[in-house]
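*Asks:* Can you read through this structure? Questions will come right after.
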Amino acid sequence: MKLLSLSELELHMNREYFIPKPYSKTLDNGSVTWSSPSNIALVKYWGKKEHQIPENPSISFTLDYCKTTTTLSFSKQEDTSEFSFEVFLDGIEKDDFKPKIETFFIRIEAYLPFLKGYHFKIETSNSFPHSSGIASSASGMSALALCLMSIEKQLSGDISEAYFNQKASFLARLGSGSACRSIEGDLIVWGTHQDINDSSDLYGIKYPFDVHENFKNYQDTILLVDKGEKQVSSTVGHNLMHEHPFAERRFEQAHENMSKLISIFKTGDLDAFIKIVESEALTLHAMMMTSMPYFILMKPNTLEIINKIWSYRNETNSKICFTLDAGANVHILYPENEMENVMEFIKNELVAYCQNEHYISDQIGFGANQIQ
Ligand code: PMV
């Protein structure tokens, strides 16, 4: 018999918490629709253990405009040994989405025992163009997890809003790690951190401390530098942290940056905020460049934009900064009161570096919405 360490035991017990009691209701068919946003990490998640457990805590702004809307229609069928579902993106059947959803269903079946008792039709669409280089896995997986929770709620009859959101985040994490930060807003923490009491590796929680006015309605303009498919999937990237020479120090640094952000959010220190956020973005990419095999996801125009941002900040009093996902696109973050000037700067100096001059104006949002 394998002996579990205390933290493994805790994780195991916490997972049990999401296994439902036998359902009290029956349901033949129906449909539910959720709209769920994307999110942008300030402290990055890069590296995971088994069962989608993050190597370090992360924190993100929930976005508002960039989202996925998913309708899940379900009809009762004899329990089979296989999952039965079809997937459509913008009305077109997408069989190439099926393996990822199949993997998701396998991971969550223990927590949603009704899955093999229904045939599902998943109809999904994104507010942002499909080939924009914006990952739809966070918004897509969270929208699907929320739809499944709505079915569980109907079968159970009685689920509190807190449990609903927590379990939706828990399930979304098993689809795509960062998706667990897309259920609520406007600032979400995922991963256990010593200074944040209820933080968990299993789901995201709302950031529990004071946040200064400076960070309210923060803006995120996403410059679309490269709309192509990612050359390296995030799954591969996370796995490359296993044998990575700088991994342990990086995970510690993420913990330290989380602690620093707590006082930055409280005091509204935008200069200190910029330092953490830009360093996190560059560290994420530095991890990619120093893994084996190594890779570079930034493009020449990503660097042009970063340099322009630094010059603009030196020449003006602006508090804009950039962050990056696992791709070439640049997220420009800035306080709402700078919107006019920053948009002027973006239009005059930065759109030239975007593919087809495309960018998306977004801002902090407050989480997913049930449409139907
Ligand atoms: O959710 P995943 O497995 O696609 O990982 C996303 C990781 C980053 O976007 C690069 C960082 C983050 O914390 O969102």
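No value in this document is a laboratory result; all are computed from the given coordinates. Only a predicted model underlies this, so the values are computations on that prediction, with no experimental measurement involved. Reconstructed Cβ throughout: ideal geometry from the backbone, glycine too, with neighbour counts over all protein chains shown.
*Asks:* Using only DSSP helix segments of four residues or longer, with each worth -39500 (n - 2.57), what per-residue ellipticity at 222 nm results for the chain after dividing by its residue count and rounding to 500?
*Replies:* Helices in the chain give a 222 nm mean residue ellipticity of -11000 deg cm²/dmol.
*Asks:* Where does helix 161-175 land angle-wise versus the long Cα axis of the chain, in degrees 0 to 90, nearest 10?
*Replies:* Its long axis makes an angle of about 80 degrees.
*Asks:* Considering lysine pairs in region 1-128 that are 8 or more places apart or on different chains, how many have Cα atoms under 22 Å apart?
*Replies:* 23
*Asks:* Per Stokes-Einstein, at 4 °C and 1.567 mPa s, what whole-number D in µm² s⁻¹ belongs to region 46-167, with the Kirkwood radius over Cα pairs as the hydrodynamic radius?
*Replies:* 81 µm²/s
*Asks:* Another question, then. Given springs between every Cα pair under 10 Å in a Gaussian network model of the chain, which of Tyr207, Tyr118, Tyr294 has the largest fluctuation?
*Replies:* Judging by the Gaussian network model, the answer is Tyr294.
*Asks:* If R0 is 35 Å, what FRET efficiency do you get for Lys230 and Ala352 from their C-beta distance, rounded to 0.05?
*Replies:* Using R0 = 35 Å, I get an efficiency of 0.90.
*Asks:* Right, another one. Nearest 5 is fine: what % of DSSP beta bridges in the chain come out antiparallel, could you say?
*Replies:* 90 percent
*Asks:* Using only the Cα atoms of region 182-285, what do you get for the radius of gyration and for Dmax, in Å?
*Replies:* Gyration radius and largest Cα-Cα distance of region 182-285: 15.5, 42 Å.
*Asks:* If you don't mind, another one. To the nearest 20 debye, what charge dipole does the chain have about its Cα centre, counting +1 at the Cβ of each Lys and Arg and -1 at the Cβ of each Asp and Glu?
*Replies:* Around 460 debye, computed over the chain.
*Asks:* Mind checking Rg over Rh on region 267-368, alpha carbons, Kirkwood formula for Rh?
*Replies:* That ratio equals 0.97.
*Asks:* At q = 0.16, 0.17, 0.30 Å⁻¹, what log₁₀ I(q)/I(0) does region 55-102 have when each alpha carbon counts as one equal point scatterer in the Debye sum?
*Replies:* Scattering profile of region 55-102, log10 relative to I(0): -0.74, -0.79, -1.24.
*Asks:* Counting other C-beta atoms within 10 Å, and keeping those with at most 12, which DSSP coil chymotrypsin sites (Phe, Trp or Tyr not before Pro) do you find in region 337-372?
*Replies:* Phe366
*Asks:* Considering every pair of different Cα atoms, what Kirkwood radius, in Å, is found for region 1-102?
*Replies:* This gives a value of 18.2 Å.
*Asks:* What do the square roots of 5 times the Cα gyration tensor eigenvalues come to for region 168-233, in whole Å, largest first, as semi-axes of the equivalent ellipsoid?
*Replies:* Ellipsoid semi-axes (Å, largest first): 24, 20, 10.
*Asks:* In square nanometres and to one decimal, what's the mean projected area of the convex hull around the Cα atoms of region 234-279?
*Replies:* So the Cα hull casts an average projection of 3.8 nm².
*Asks:* Something else: What does the highest-first list of 282-293, 13-24, 212-223 look like by mean Cβ count within 10 Å?
*Replies:* 212-223, 282-293, 13-24
*Asks:* Assuming 0.36 nm per residue, please report the length gained on full extension of the stretch Ile371 to Asn14 beyond their Cα-Cα distance.
*Replies:* Extra length available between Ile371 and Asn14 comes to 125.5 nm.
*Asks:* Antiparallel versus total DSSP beta bridges in region 48-148: what percent is that, nearest 5?
*Replies:* Antiparallel bridges make up about 70 percent of those DSSP assigns within region 48-148.
*Asks:* Students often get this wrong: which residues of region 212-249 have the backbone nitrogen under 19 Å from the point 7 angstrom along Cα-to-C-beta of Glu336?
*Replies:* 212-222
*Asks:* Check which residues have an amide H placed less than 5 Å from Tyr203's amide H, if you skip close sequence neighbours.
*Replies:* Gly191
*Asks:* With the convex hull built on the Cα atoms of region 100-181, state its orientation-averaged projected area in nm².
*Replies:* Result: 5.7 nm².
*Asks:* While we're on this one: Using +1 at the C-beta of Lys and Arg and -1 at the C-beta of Asp and Glu, which of Ala138, Leu112, Met343 has the Cα lying farthest in the positive direction of the dipole of the chain?
*Replies:* Leu112
*Asks:* Another question about this same structure. Modelled label-to-label distance, Met289 and His255, 7 Å Cα→beta-carbon offset: nm?
*Replies:* Distance between the two pseudo-spin positions: 2.7 nm.
*Asks:* Rounded to the nearest 20 debye, what is the charge dipole size of region 1-116 about its Cα centre when +1 sits on each Lys and Arg Cβ and -1 on each Asp and Glu Cβ?
*Replies:* Dipole about the Cα centre, nearest 20: 380 debye.
*Asks:* OK, next. Please list the radius of gyration and Dmax for the chain, considering alpha-carbon atoms only, with Å as the unit.
*Replies:* Answer for the chain, Rg first and Dmax second: 20.7, 67 Å.
*Asks:* Round to the nearest 0.05 the FRET efficiency obtained for Tyr23 and Asp95 when R0 = 25 Å and r is the Cβ-Cβ distance.
*Replies:* The calculated FRET efficiency here is 0.20.
*Asks:* Applying the Karplus parametrisation 6.51 cos²θ - 1.76 cosθ + 1.60 with θ = phi - 60° to the phi angles of region 341-358, what ³J(HN,Hα) value in whole Hz is obtained for each residue in order, glycine and proline being reported as x?
*Replies:* Running phi through 6.51 cos²θ - 1.76 cosθ + 1.60 with θ = phi - 60° gives 5, 5, 4, 4, 4, 4, 5, 6, 10, 10, 4, 4, 8, 8, 5, 6, 6, 8 Hz.
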